[in-house]
Amino acid sequence: MGKSKTYGIRTFINDVHLWLGLTSGIIIFLVCLSGTILTFEKEIEQWFKEEMKVQATGNKISLSQIVDDPNIQAKGQLMAITVPTDNAAPYQLSIKEDPKQRRGSTYEVNPYTAEILAPQKTGMDDFMFSMFKLHRWLLMDIELGRPIVGIATIIFLILSISGIVLWFPKKVKWKTVKAGFKIKTSANWKRINHDLHNTLGFYSCLLILIMGITGLCWSFEGYRDGLSSLMGAKVFGNRGAQPKVDLENLKGDKAIDLEQAVLLANNTLDYNGTLTITLPNEKNPVYEFRKIADDSWSTVAQDQLQIHTSGKIIHKELYADKPLNVKIASAIRPIHTGEIYGTFSKWLYFLACLIGTSLPITGTIIYINKLKKKSKRRRKLATA
């Protein structure tokens, strides 16, 4: 009689990996597939829209003229203006077309002619919104779909960790470990499928873990609050502690216009970069500026400045001066979506998501092949 196999820790991890993968596979497939598509959401949507062509001829129209332009005022309440350093790029205007609108619609404006390009709605926008709802809520009611996606994400995290454990051979030697780094394309299709699951899963594991850990912030409020407490900084918090300023005492001073405020902001943040201006209003008589350097390594490395309409700088916050925990907490969204390092990180996330989409498929095929193998053995034993 042969020796009976003992049920060890590795077998237990394998069973956990197998059954969690089988039970959650379809949800993980849908979440990863939609995530793969959403990685380049803005770029794909833009392909289907008209692009404003700007010729840098003559002098630009002043920002005050653009703000006071009747055609622009007719669109709604102008909230913010984004001014790029590229002279051949349009300004972007955030206009709240309806008081109930949470965020303004983005209009493009030619800085030389004041020509307006309104936001264009295409079928691709609707498709991408469907992918967003699939990714976040599985196209279900938010209250139901959100926790289901959250639970599936937790399972995917467990699968990723257990997968790494199983990736290492029982006897860890360089010869056996080395085989896990490559796909044996000369082997039969079953071995290739196994390698696609094993090897590609290993290479994408780190990014999948990052996406999962950050993604749970949208699924569970308690998790988000706990992560904020752990890091000592509020997740999704874009600003640090704001100074208490008595705006009433500044009211009597002579007001500066938009051009003067922009000049002061650019002199204070003295480098080439894209400047976003949030305009003052009756409740908040303050110009708010966000500026990111053209050569910035990250899409979130923005400096912030607040200037009262009297011309007094009331708050200045440089990204370089922020503590590391605040930088990480405020960057959870771009860390999750892959925008953190621009196009480079987006491509890495795209590949990792694509691999994540394939893992439930290759994993299920591995399981089916093992079932067939066991069935053949039983038939042989029965006929022996």
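The values are calculated or read from the model by the stated rules, or taken from the named source; none is laboratory data. What you see is a predicted model; the values in this text were computed from it and never measured. Positions of Cβ are backbone-derived with ideal geometry, glycine not excepted, and every protein chain shown enters the neighbour counts. Calculation scope for accessible area: heavy atoms of the full protein, side chains included, ligands and nucleic acids excluded. Shrake-Rupley method; radii C 1.70, N 1.55, O 1.52, S 1.80 Å.
So the values come out like this:
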quantity: Some residue of segment 69-79 being loosely packed, with under 12 Cβ neighbours inside 10 Å and in a loop (DSSP other than H, G, I, E, B); calculated: yes
quantity: Residues that are farther than 17 Å from S204 by Cα and touching a residue at least 60 places away in the same chain (Cβ under 8 Å), drawn from segment 165-184; calculated: K170
quantity: Odd one out for V235, checked against (1) part of a loop (DSSP other than H, G, I, E, B); (2) modelled with pLDDT of 70 or more; (3) out of contact with any helix residue (DSSP H, G or I) (no Cβ under 7 Å at 6 or more places or on another chain); calculated: (3)
quantity: Candidates K96, K121, K178, filtered to the one that is farther than 30 Å from D294 by Cα and among the charged types (D, E, K, R); calculated: K178
quantity: Of the criteria (1) surrounded by fewer than 18 Cβ atoms within 10 Å (Cβ to Cβ); (2) modelled with pLDDT under 95; (3) out of contact with any Ser or Thr (no Cβ under 7 Å at 6 or more places or on another chain), which one V326 fails; calculated: (1)
quantity: Residue count for segment 260-317, restricted to those that are of a type in the set (F, W, Y) and either open to solvent by 40 Å² or more (accessible area, probe 1.4 Å) or in contact (Cβ under 8 Å) with a residue 40 or more places away in the chain (or both); calculated: 2
quantity: Among (1) open to solvent by 30 Å² or more (accessible area, probe 1.4 Å); (2) under 22 Å from V286 (Cα atoms); (3) touching a helix residue (DSSP H, G or I) at 6+ places or on another chain (Cβ under 6 Å) - the single one L63 does not satisfy; calculated: (1)
quantity: Count - residues of segment 197-219 that are of a type in the set (A, V, I, L, M, F, W, C) and open to solvent by 60 Å² or more (accessible area, probe 1.4 Å); calculated: 2
quantity: Residue in segment 84-113 that is least open to solvent (accessible area, probe 1.4 Å), counting only those that are small (G, A, S), modelled with pLDDT of 90 or more and in a loop (DSSP other than H, G, I, E, B); calculated: A89
quantity: Checking V177 against (1) out of contact with any Asp or Glu (no Cβ under 7 Å at 6 or more places or on another chain); (2) on the phi < 0 side of the Ramachandran plot; (3) open to solvent by 30 Å² or more (accessible area, probe 1.4 Å), the condition it does not meet; calculated: (3)
quantity: Filter result (under 29 Å from the mean Cα position of the chain (by Cα) and not in a helix (DSSP H, G or I)) within segment 40-68; calculated: F40, F48, K49, E50, E51, M52, K53
quantity: Spans of strands (runs of 3 or more DSSP E) in segment 283-351 with at least 2 residues of a type in the set (G, A, S); calculated: none
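Per-residue answers, yes or no, for (1) of a type outside the set (A, V, I, L, M, F, W, C); (2) out of contact with any strand residue (DSSP E or B) (no Cβ under 9 Å at 6 or more places or on another chain):
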residue	(1), (2)
Q304	yes, no
E317	yes, no
I328	no, yes
W347	no, yes
F350	no, yes
G363	yes, yes
I366	no, yes
K376	yes, yes
T383	yes, yes
